[in-house]
1. Does B:Thr91 meet the test of being surrounded by 15 or more Cβ atoms within 10 Å (Cβ to Cβ), modelled with pLDDT under 95, among the hydroxyl-bearing types (Ser, Thr, Tyr) and in contact with a helix residue (DSSP H, G or I) (Cβ under 6 Å, 6 or more places away or on another chain)?
2. Those residues that are open to solvent by less than 10 Å² (accessible area, probe 1.4 Å) and touching a residue at least 40 places away in the same chain (Cβ under 8 Å), I need them from the range B:112-128; list them, please.
3. Go through A:Leu89, A:Leu125, A:Leu114 for me and flag whichever is of a type outside the set (Asp, Glu), closer than 20 Å to A:Gln216 by Cβ and either touching a strand residue (DSSP E or B) at 6+ places or on another chain (Cβ under 8 Å) or within 14 Å of chain B (Cβ to nearest Cβ) (or both).
4. Of the numbered conditions (1) open to solvent by 10 Å² or more (accessible area, probe 1.4 Å); (2) more than 14 Å from chain A (Cβ to nearest Cβ), B:Arg77 satisfies every one except a single condition; which is it?
5. Tally the residues that are more than 20 Å from B:Thr48 (Cα to Cα), facing another protein chain (nearest Cβ under 9 Å) and open to solvent by 40 Å² or more (accessible area, probe 1.4 Å), restricting the search to the range B:144-175.
6. Is it the case that the range A:59-73 has a residue that's free of Cβ contacts under 8 Å to residues at least 24 places away in the same chain, away from chain B (no Cβ under 11 Å) and within 29 Å of A:Glu208 (Cα to Cα)?
7. Give the residues of the range B:24-45 that are more than 22 Å from B:Val126 (Cα to Cα) and either open to solvent by less than 20 Å² (accessible area, probe 1.4 Å) or at pLDDT below 95 (or both), sorted by residue number.
8. State the number of residues belonging to the range A:59-71 that are under 16 Å from B:Pro151 (Cα atoms) and open to solvent by 20 Å² or more (accessible area, probe 1.4 Å).
There are 2 protein chains.
Amino acid sequence: MDTVKILEVKQSIFASNDEQAAALRKELKEKKVFLLNLMSAPGSGKTTTLRRTIAALKDELRIGVMEADIDSDVDARAIAETGAKAIQLHTGGMCHLDAEMTRQGLAGLGEEGLDLVVLENVGNLVCPAEFDTGSVKNAMILSVPEGHDKPLKYPLMFQVCDVVLVNKIDVLPYFDFDMDKCRAYVAMRNPNAKVIPLCARTGEGMEEWTRWLKEQVSQWQA
Amino acid sequence: MDTVKILEVKQSIFASNDEQAAALRKELKEKKVFLLNLMSAPGSGKTTTLRRTIAALKDELRIGVMEADIDSDVDARAIAETGAKAIQLHTGGMCHLDAEMTRQGLAGLGEEGLDLVVLENVGNLVCPAEFDTGSVKNAMILSVPEGHDKPLKYPLMFQVCDVVLVNKIDVLPYFDFDMDKCRAYVAMRNPNAKVIPLCARTGEGMEEWTRWLKEQVSQWQA
């Protein structure tokens with residue numbers, strides 16, 4: 001397996017996170033780098049979705065990935081196999097990333113010349129939603145086995161996301177997951193959030209997602 | 001549907017959490033009340049597992065349940081249907097429960113005369129592991145769709161748990177989940193943790209779990 005760079009990132013104790021996030025976003029705009037913050041619960045398929053996304057877009061966009069985890073580098077290794085630029089961020093037990101940690105990650109990755117950088121946040125539906133990372137857009141993955149009631153229980157996560165990917169639709173027959181209720185609950189928290197059902201393992205539904213993402217990158221770089 | 005009591009619990013800013021947890025555990029010992037802290041990622045089946053557990057043990061133990069969520073009362077309603085004493089705790093956005101919040105919950109529930117109280121913690125594999133709630137034992141549920149690599153990524157959660165329930169084994173054929181690797185990774189984090197594969201939906205494996213739990217309660221009350 002490839003070896004990947006592992007970076008220990010540390011929370012800022014100085015400036016306000018919102019200010020740091022705004023400043024980072026401004027710099028990214030000037031550099032024409034689109035930063036996507038990808039969030040989800042543990043095991044919902046973030047890394048598999050990313051691998052598929054990279055495979056679909058790698059001929060059109062220069063892509064980098066920052067994999068945040070409390071420990072291990074299994075995800076960054078999996079991404080490095082796709083040929084995308086990848087770095088593993090270790091959060092030292094922290095349950096989320098803030099803008100300063102994201103900035104440290106970007107510096108470690110080397111974001112210059114990239115069109116799209118994806119930050120795979122720590123698997124957690126609570127804390128990551130509370131911290132603006134400086135990303136241009138927020139995406140989250142809700143997988144079918146987790147159930148359609150999650151927007152009721154984790155309101156902020158759904159409020160801050162621009163797009164909700166409903167992953168693992170291949171196992172819909174084996175779970176009591178109601179897609180209509182899911183859409184209604186997401187809309188209740190955030191009427192502007194786009195919902196895209198897909199299966200990262202089989203590729204079903206990926207086209208709608210990668211098209212949306214490509215459009216967002218184009219608009220940011222325009 | 002039944003209406004359930006909803007309590008807003010607040011974090012303590014005074015004493016050390018470890019001291020408060022130890023004091024609470026001492027009181028519970030005197031009252032012969034066994035407190036189980038049940039943790040997991042969102043959507044791994046905590047409430048379904050609890051409903052099955054209550055159905056199996058309700059003739060032998062007097063059971064109460066505290067359902068912690070950031071918002072909603074869907075879980076407490078589901079538990080109240082079983083006939084167990086139930087209360088919904090709202091954490092006001094907090095990603096975990098500490099010992100003082102647990103104490104407030106117990107007072108709201110009324111734990112006197114109960115043999116077993118289960119605290120269903122906020123769905124999160126990171127923060128709840130950092131705070132001793134005052135529980136006698138910690139249990140966590142890892143569901144098959146989340147993958148067998150979770151002990152690598154969320155080390156503390158597996159270190160603090162006495163038992164790991166591997167739920168949703170009915171869908172093993174549809175996921176790349178390796179039970180032997182799961183057991184090895186759990187043992188790597190915590191060689192004393194017991195691993196019990198089960199399916200809360202079908203009831204498979206529940207007997208080993210409820211037997212273990214009953215033994216723990218007996219030992220605590222002896």
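The values are calculated or read from the model by the stated rules, or taken from the named source; none is laboratory data. This one's a predicted model, so the numbers in the text were calculated from it and none came from an experiment. Ideal geometry is used to build each Cβ from the backbone, glycine not excepted, and the neighbour counts take in all protein chains shown. Side chains included, ligands, DNA and RNA excluded: accessible areas come from the protein's heavy atoms. Shrake-Rupley method; radii C 1.70, N 1.55, O 1.52, S 1.80 Å.
1. no
2. Hits for the range B:112-128 are B:Leu116, B:Val117, B:Val118, B:Leu119, B:Glu120, B:Asn121, B:Val122, B:Gly123, B:Asn124, B:Leu125, B:Pro128.
3. That would be A:Leu114, the only listed residue that is of a type outside the set (Asp, Glu), closer than 20 Å to A:Gln216 by Cβ and either touching a strand residue (DSSP E or B) at 6+ places or on another chain (Cβ under 8 Å) or within 14 Å of chain B (Cβ to nearest Cβ) (or both).
4. With (1) open to solvent by 10 Å² or more (accessible area, probe 1.4 Å); (2) more than 14 Å from chain A (Cβ to nearest Cβ) applied to B:Arg77, the lone miss is (2).
5. Number satisfying all stated conditions: 2.
6. Yes: one or more hits.
7. Scanning the range B:24-45 gives B:Leu24, B:Leu28, B:Val33, B:Phe34.
8. The total comes to 2.
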